[in-house]
Amino acid sequence: METVCLNRSDDAFVKAVEDESGQRVSRCYQCGNCTAGCPMSFTFDYSVSRIMRLIQAGQKEQVLSSGAVWLCAGCETCTQRCPNEINVAGVMDACRHIAGRERKFGARAVSAFFKAFMDSVRFNGRSHEVGTMALYMLYTGRVWTDVELAPKILPKGKMPLLPHRIAGRREVAEIISRFKQGLSDPDLVRAGLDAQGKSAKEAVS
Amino acid sequence: MSSINVGYFPGCSGLGTSMEYERSTRAVCRELGIGLREIPDWNCCGSTPAHSTDSALSAALASRVFAQGENAGIGDVITPCPSCLKNLRVALEHMEDPLFSARVEALTERPLKMQHSIRSVLQVMVEDVGTERIRGRVRRSLKGLKVVPYYGCLMTRPEKVMRFDDPENPVALDRLLEALGAEVLPFPLKTDCCGGSFSIPSRKVTPRLAGRILDMAGEVGADLVVVACPLCQMNLDLRQGQIRAGGIDRVLPVPYFTQLMARAFALPEADAAFNKLVEDIEPAFACMQRRAADIEAEERKAAAAEAEKARLAAERAAKAAEKAKDAGPDGAGAKSAGAKKTKGKADAGGGDV
């Protein structure tokens, strides 16, 4: 059995998850309702209620390297059913954000798919299904993914081989690039707002 | 009701795997007098990959969509796709916080100036158009078609954000399909997850989750599963081969609700675009027509029996009236005439046996 050392709690991690999600994880009393209704549980290494408990105990490493945070489908069933009104799916999303920033990808195929999708958006301004699949195969080496579906869908004319590129695709790429540069970092933006407030006050006085 | 004019965000899949949803949505809206003004040069909302990366990034992509709408004077927007709907709606909710809004603007460099709203096409159909008006448009009823409505996760969840119907047992689509003449069967998996985009990275997800939905739909006796989400549709329709390989042996067509509306409104076949579905829907319609013929034969039989009953009753009433007349025109009072009439009726009843 795996044991958790509770006196080695990373409090900064608990705060980071709470800030990122806007949720108080300490409100979870481990009723297990989220896990009971979770459709993806059968793919998880840690169940969602266990992830909640690990966050409470500040077990950063286990949470961020788990496959569960990446395999959460975001179906919102846990959020809907939590008796303490915790946005559990939002907490899982927040863990994914933090894991991504720390370059911890507990379910490689999932994070590779997300990357393929976002790259398609960055190139074209819209997601392009064929392009996303090609990038996904490239990133994972899983070149046979869903190939048996091709003869079913290609004759339907539903998968254009060329992307619909929008005129503003550079603007979309810039949004993603500014994000990668960290321009939406809350501390940075807050500091900017404070400086603006200060200069406005000075202007008044 | 006056005509509706509203901004329209088709979503990326409408240009690809859900083009039948896109076509039928536009056709049905035209028919119902809903003017769709497509947002010029719209971009992808980022879907699950964006909100899994960062909330501000996801909201920034959504914010550019709204900003593009502003260029055309569009504030209120509708979209057929629940995933787009959730991202756009969550972005608007989050941007009510000034710090979050400033973070988004740091990415877009385009502050929003107008008030914005985003709703689903389904929501507009049931709330603004209304099922009565939809019923009034039906020219080719779906009578005899047994359907289950599958809403998926995001049309109604999270409840606080979506504010539409019941989060776990919605009925909006049920009512709409009933208005088209279909028989809507009780379906316990209306809002269970189909596996979403995880069907690509994980092969075991679809057979289990989407498989369970198809299996239950077959179990309750449905001819088809009606959907409102492009990703659900792809998992349930395109991946049926994978589901069958996983051991669940069901073949069910999976049309969008707008396609069934197009058919019920007798719009051209190109508008309903059933030929874009992977699993053929025609056997289900053939079954529907047979059943409708049976139902109509039953109805004719019942109507004939009813007419015969009415004729006998009229005959008896006429006889009773005659008897009452014979009893004496002295006008002994309405009382005795009434009593005799009742007696006459009882006699006639006895005679039948």
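Bear in mind these aren't lab numbers, they're just calculated from the coordinates by the rules spelled out. The structure presented is a predicted model; accordingly, all values stated were derived computationally and were not measured. Backbone-built Cβ (ideal geometry, glycine too); neighbour counts: all protein chains shown.
Chain A has equivalent-ellipsoid semi-axes of 33, 29, 15 Å, by the square roots of 5 times the alpha carbon gyration tensor eigenvalues, sorted largest first. So what does the Cα-only Debye profile of the protein assembly as shown read at q = 0.06, 0.07, 0.09 Å⁻¹, as log10 I(q)/I(0), no solvent term? These q points yield log10 I(q)/I(0) values of -0.38, -0.48, -0.71.
Karplus-derived 3J(HN,Hα) values for the range B:138-145, using 6.51 cos²θ - 1.76 cosθ + 1.60 with θ = phi - 60°, are 5, 10, 9, 4, 8, 3, x, 8 Hz; glycine and proline are entered as x. Among the trypsin sites (Lys or Arg not before Pro) in the range A:97-203, those placed in a DSSP loop whose Cβ has at most 10 other Cβ atoms within 10 Å are A:R103.
In order along the range B:182-187, phi translates into HN-Hα couplings of 6, 8, 9, 8, x, 9 Hz, rounded to whole numbers, per the Karplus curve 6.51 cos²θ - 1.76 cosθ + 1.60 with θ = phi - 60° and x for Gly and Pro. In summary, the helical segments of chain B meeting the span-like criteria, namely a full DSSP H run, a Cα extent along the axis of 20 angstrom or more and a mean Kyte-Doolittle hydropathy of at least -0.5, are B:55-71, B:205-219. Per residue, the convex hull spanned by the alpha carbons of the range A:11-101 comes to 77 Å³. Close amide H partners of B:Y256, meaning residues 5 or more places away or on another chain with modelled amide H under 5 Å apart, are B:V227.
Work out the P(r) tail for the range A:57-154: percent of alpha carbon pairs separated by more than 18 Å, whole number.
Roughly 58 percent, once rounded to a whole number.
Note on the range B:213-275 and the range B:161-202: Cα centroid distance 13 Å, given to the nearest whole angstrom.
Need the C-alpha centroid separation for the range A:1-76 versus the range A:84-102, integer Å. Rounded to whole Å, the Cα centres lie 9 Å apart. From least to most packed, judged by other beta carbons within 10 angstrom and beginning with the fewest, A:V204, B:V225, B:V220 follow the order A:V204, B:V220, B:V225. Backbone phi angles across the range B:42-54, fed through the Karplus curve with coefficients 6.51, -1.76 and 1.60 (θ = phi - 60°), yield HN-Hα couplings of 5, 10, 5, 6, x, 6, 4, x, 6, 6, 6, 8, 5 Hz in residue order; Gly and Pro are listed as x. For the range B:131-292, the Kirkwood radius over C-alpha pairs fed into Stokes-Einstein at 4 °C and 1.567 mPa s yields D = 81 µm² per second. A cut-off of 5 Å between modelled amide H atoms, ignoring neighbours fewer than 5 places along the same chain, links A:Q59 with A:D10.
Of the GluC sites (Glu not before Pro) found in the range A:44-105, the ones in coil according to DSSP and having at most 16 other Cβ atoms within 10 Å of their Cβ are A:E85, A:E102.
Only loop residues by DSSP count here, and only those with at most 13 other Cβ atoms within 10 Å; note down the trypsin sites (Lys or Arg not before Pro) in the range A:12-99 that meet that. Of the trypsin sites (Lys or Arg not before Pro), the ones in loops of the range A:12-99 whose Cβ has at most 13 other Cβ atoms within 10 Å are A:R24. Taking the convex hull of the Cα atoms, report for chain B its projected area averaged over all directions, in nm². That works out to 25.8 nm², a quarter of the Cα hull's surface. Annotation: amide H-H contacts under 5 Å for B:R119 (H modelled 1.01 Å from N, sequence separation of 5 or more, or interchain): B:V77, B:I78, B:T79. For the cross-link pairs B:K86/B:K146; A:K115/B:K86; A:K156/B:K143, the ones whose C-alpha atoms lie over 22 Å apart are B:K86/B:K146; A:K156/B:K143. With q set to 0.12, 0.17, 0.22 Å⁻¹, the log10 of I(q)/I(0) for the range B:4-123, from the Debye formula over equal scatterers at the Cα positions, is -0.40, -0.79, -1.26. Among the residues of A:114-127, the average count of other protein chain beta-carbon atoms within 10 Å of the residue beta-carbon is 6.
Comparing B:P82, B:P149, B:P188 in a Gaussian network model of chain B, where Cα atoms under 10 Å apart are tied by springs, the biggest mean-square fluctuation is seen for B:P188.
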